[in-house]
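Undergrad: Let me begin by handing over the structure; questions about it come next.
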Amino acid sequence: LSWQEVSDPTGAFDIEAPGAGLYQVQIAADNLAWTWSDPIDAAHAQPVVVALSPGGLIKGRVVDRSDKPINGAKIIPLSKAGGNLWFDHDVFTTTTGTAESVDGRFVLADLGVETETVKVTHPDYSPAVYENLKVAAAEAAKEVELVLTLGGIICGRVYDAQGKPQANVLLLFQDAAGYRGGSETGRLASAVTDK
């Protein structure tokens with residue numbers, strides 16, 4: 001995915017396709033919902049029109065299990081941070097569109113979907129994913145509460161096939177998505193074994 005800035009006052013753009021096939025363009029503009037075009041057949045390219053409209057929002061609080069507000073949590077919307085290929089459209093591949101909680105409160109704006117999936121991260125807590133959050137206009141948005149819990153610790157040893165402990169081995173901890181969409185996708189933590 002590569003972004004190209006369009007500065008034409010009429011909104012016209014021209015993108016060269018790398019070859020024949022079906023493509024889509026995604027348009028992002030300030031204070032408007034991010035919008036995908038219909039599929040475009042590069043072999044029979046016709047002018048593409050993408051109509052932008054105001055987006056909706058999700059607002060709420062990020063708290064711990066005792067209802068204490070969490071400052072500095074990152075709230076990532078899947079509609080902006082998901083991949084754009086068939087195998088990673090439902091995977092958080094970037095942090096694009098992230099909001100950060102201040103005194104626990106956050107607002108995700110300019111969302112172009114009816115329901116959203118968000119991933120919430122903070123260095124002191126386990127990441128959490130919340131699905132089917134209702135996106136609404138500002139005046140109709142009801143506050144949601146996203147709860148983070150403390151994480152656990154994994155301890156162990158790495159051995160080779162002969163049972164000898166191994167030093168300086170990189171361990172990567174992934175979520176259920178594993179390596180889909182790239183090596184950073186789904187990364188929860190990493191560690192290197194000691195001597």
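Undergrad: Tabulate in residue order the Karplus-calculated ³J(HN,Hα) for segment 129-144, using 6.51 cos²θ - 1.76 cosθ + 1.60 with θ = phi - 60°, rounded to whole Hz; enter x for Gly and Pro.
TA: Calculated HN-Hα couplings, in order: 10, 10, 10, 6, 7, 6, 9, 9, 5, 3, 6, 10, 5, 9, 6, 9 Hz.
Undergrad: Among Gly104, Gly151, Pro127, flag the residue with its Cα farthest along the positive direction of the charge dipole of the chain, charges on Cβ as +1 for Lys/Arg and -1 for Asp/Glu.
TA: Gly151
Undergrad: Quick one: how many Å² of Val49 are accessible to a 1.4 Å probe, rounded to 10?
TA: Counting only protein heavy atoms, Val49 exposes about 130 Å² to solvent.
Undergrad: Using a 1.4 Å probe and counting only protein heavy atoms, arrange Leu146, Leu22 so the residue with the most accessible area comes first.
TA: Working: Leu146 0, Leu22 130 Å².
Sorted descending by solvent-accessible area, the residues read Leu22, Leu146.
Undergrad: Starting from segment 1-104, pick out the trypsin sites (Lys or Arg not before Pro) whose DSSP state is loop and whose Cβ has at most 13 other Cβ atoms within 10 Å. Walk me through the intermediate numbers first.
TA: On the way: sites: Lys59, Arg61, Arg65, Lys74, Lys80; in loops: Arg65.
In loop regions of segment 1-104 (DSSP not H, G, I, E or B), the sparsely surrounded trypsin sites (Lys or Arg not before Pro) are Arg65.
Undergrad: Using a 1.4 angstrom probe on the protein heavy atoms only, could you order Ile15, Ile76, Ile154, Ile40 from most to least accessible area?
TA: Details: Ile15 85, Ile76 10, Ile154 130, Ile40 35 Å².
Descending order: Ile154, Ile15, Ile40, Ile76.
Undergrad: Fully extended, how many nm does the chain gain between Glu143 and Cys155 (0.36 nm per residue separation, minus their Cα-Cα distance)?
TA: Taking Glu143 through Cys155 to full extension adds about 0.5 nm, to one decimal.
Undergrad: On to the next question. Tally up the carbon and sulfur contribution to the accessible surface of the chain as a whole percent, 1.4 Å probe, everything protein left in place.
TA: The value for the chain is 51 percent carbon and sulfur by accessible area.
Undergrad: Using the Cα centre of the chain as the reference point, and only Cβ charges (+1 on K/R, -1 on D/E), how large is the resulting charge dipole? Debye, rounded to the nearest 20.
TA: 920
Undergrad: Here's a follow-up. Which semi-axes, in whole Å and largest first, does the equivalent ellipsoid of segment 74-174 have when worked out from the alpha carbon gyration tensor as the square roots of 5 times its eigenvalues?
TA: 36, 17, 10
Undergrad: Choose one of Val49, Ile70, Val113: the residue whose Cα lies farthest towards the positive end of the charge dipole of segment 38-117 (beta-carbon charges +1 Lys, Arg; -1 Asp, Glu; about the Cα centre).
TA: Result: Ile70.
Undergrad: Which value, in Å to one decimal place, does the Kirkwood hydrodynamic radius take for segment 1-82 when every pair of different Cα atoms is included?
TA: In segment 1-82 this quantity evaluates to 16.0 Å.
Undergrad: How about Lys164: which lysines have a C-alpha closer than 24 Å to its C-alpha, ignoring those fewer than 8 places off in the same chain?
TA: Output for Lys164: Lys195.
Undergrad: Given all pairs of different Cα atoms, what value in angstroms does the Kirkwood hydrodynamic radius of segment 1-154 take? Working shown, then result.
TA: Working: mean 1/r = 0.0579 Å⁻¹.
Over segment 1-154, the inverse of the mean reciprocal pair distance is 17.3 Å.
Undergrad: Keeping every protein chain present and rolling a 1.4 Å probe, give me the accessible area per residue for segment 30-168 in Å².
TA: Working: 8820 Å² over 139 residues.
Result: 63 Å² per residue.
Undergrad: Please compute the contact order of the chain in relative form: average sequence separation of alpha-carbon pairs under 8 Å and at least six residues apart, divided by the residue count, as a percent.
TA: Relative contact order comes out at 18 percent.
Undergrad: Related question: Hey, if we sort Trp36, Trp3 by accessible area with the 1.4 Å probe, largest down, what's the order?
TA: Trp3, Trp36
The values are calculated or read from the model by the stated rules, or taken from the named source; none is laboratory data. Bear in mind the structure is a predicted one, so any value in this text is a computation, not a measurement. Glycine also receives a Cβ, built like all others from the backbone with ideal geometry; neighbour counts cover every protein chain displayed. The accessibility values were calculated without ligands, DNA or RNA, using every heavy atom of the protein model including side chains. Shrake-Rupley method; radii C 1.70, N 1.55, O 1.52, S 1.80 Å.
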